[in-house]
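K.L.:
Sharing a structure, written as structure tokens. Questions coming.
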Amino acid sequence: MCYFKKMEYEITLKNSFWITKSCPKCGRKTHYRNTKKFRVNANGNKLDVWLIYQCEECKHTLNLAIYERKKVSSISKEEYQRFLDNEEQLAEMYGRDMRLFRANKADIDPDSLRYDFVKRHETTENSGIGERILITITNPYQWKIRWEKQIAAVLGLSRSQVKGLLETGEIELTAELPKSLSFSVKAFRLPADT
């Protein structure tokens, strides 16, 4: 099969992860949100930095360790100042860092995820023969998002329309992996703004 166009999309998060955790004050599992604030504690030449999360209902706090007992000299002065300034952009970056949540054994609430499909790259091959477009969607967080939902979002169609086009062969699923999804679609089926 000859493709004359290839498009690459990436799933990007709109917000920090939310955590589900038993709250000692509420006495049950609740949601914790990113306060976009840091707690910094320096003791001699050792440094601790935490990202502060807060119970949505009672405001009880939960600290996620970014650095623990780290040598002050091993952190750049710029980053250290950003922690002290409670820089919102830095707090958002850490609030989307899967490694931080895994290291802190924090349970991310999948229902709170808000994401977009952002076009990262597009190439056109001058073969003149192709009538199909190959689209790849990268899922760096490996969220379990149904393939038809991903295709529907990128093409601006409903899931039932996607299933119908799959049955008629106008959409072909070419690869479904944890970190990516690839499919091809007839060019005339693409909305004008894709």
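K.L.:
Would you please give the residues with an amide H less than 5 Å from that of Ile75, counting only those at least 5 places away or on a separate chain, with H modeled from the backbone geometry?
P.N.:
Long-range HN contacts for Ile75: none found.
K.L.:
Something else now. Please get the size of the charge dipole for the stretch 1-120, origin at its Cα centre, with Cβ charges of +1 on Lys and Arg and -1 on Asp and Glu, quoted in debye to the nearest 20.
P.N.:
Computed about the Cα centre, the dipole is about 240 debye.
K.L.:
If you roll a 1.4 Å probe over the heavy atoms of the protein chains, what accessible area per residue do you get for the stretch 13-162, in Å²?
P.N.:
Using a 1.4 Å probe on heavy atoms only, each residue of the stretch 13-162 averages 59 Å².
K.L.:
Along the three principal axes, how long is the stretch 3-69 when you take its alpha carbons, biggest first, rounded to the nearest angstrom?
P.N.:
Principal extents (largest minus smallest coordinate, Cα): 59, 38, 15 Å.
K.L.:
Next question, about the same structure. May I ask you to give the average projected area over all directions of the convex hull of the Cα atoms of the stretch 77-142, in nm² rounded to one decimal?
P.N.:
Computed as one quarter of the Cα hull surface, the answer is 8.0 nm².
K.L.:
What list of whole percents do you get for P(r) of the chain, with Cα-Cα distances grouped in 5 Å bins up to the one holding the largest distance?
P.N.:
Final binned percentages: 1, 7, 13, 14, 13, 11, 10, 9, 8, 6, 5, 2, 1, 0.
K.L.:
Please report the spacing between the Cα centers of the stretch 7-27 and the stretch 152-189 in Å, no decimals.
P.N.:
So the separation of the two Cα centres works out to 27 Å.
K.L.:
Greater than 25 Å separation of Cα atoms is the criterion. Which listed pairs, Lys36/Lys77; Lys70/Lys144; Lys37/Lys77; Lys25/Lys70, meet it?
P.N.:
Table pairs above 25 Å Cα-Cα are Lys70/Lys144; Lys25/Lys70.
K.L.:
Not counting ligands, DNA or RNA, and with a 1.4 Å probe, what is Thr136's accessible surface area in Å² rounded to the nearest 10?
P.N.:
Ignoring ligands and nucleic acids, Thr136 comes out at about 40 Å².
The values are calculated or read from the model by the stated rules, or taken from the named source; none is laboratory data. All values derive from a computational prediction rather than experimental measurement. Methodologically, a virtual Cβ is constructed for each residue, glycine included, from the backbone with ideal geometry; neighbour enumeration extends over all protein chains shown. Side chains included, ligands, DNA and RNA excluded: accessible areas come from the protein's heavy atoms. Shrake-Rupley method; radii C 1.70, N 1.55, O 1.52, S 1.80 Å.
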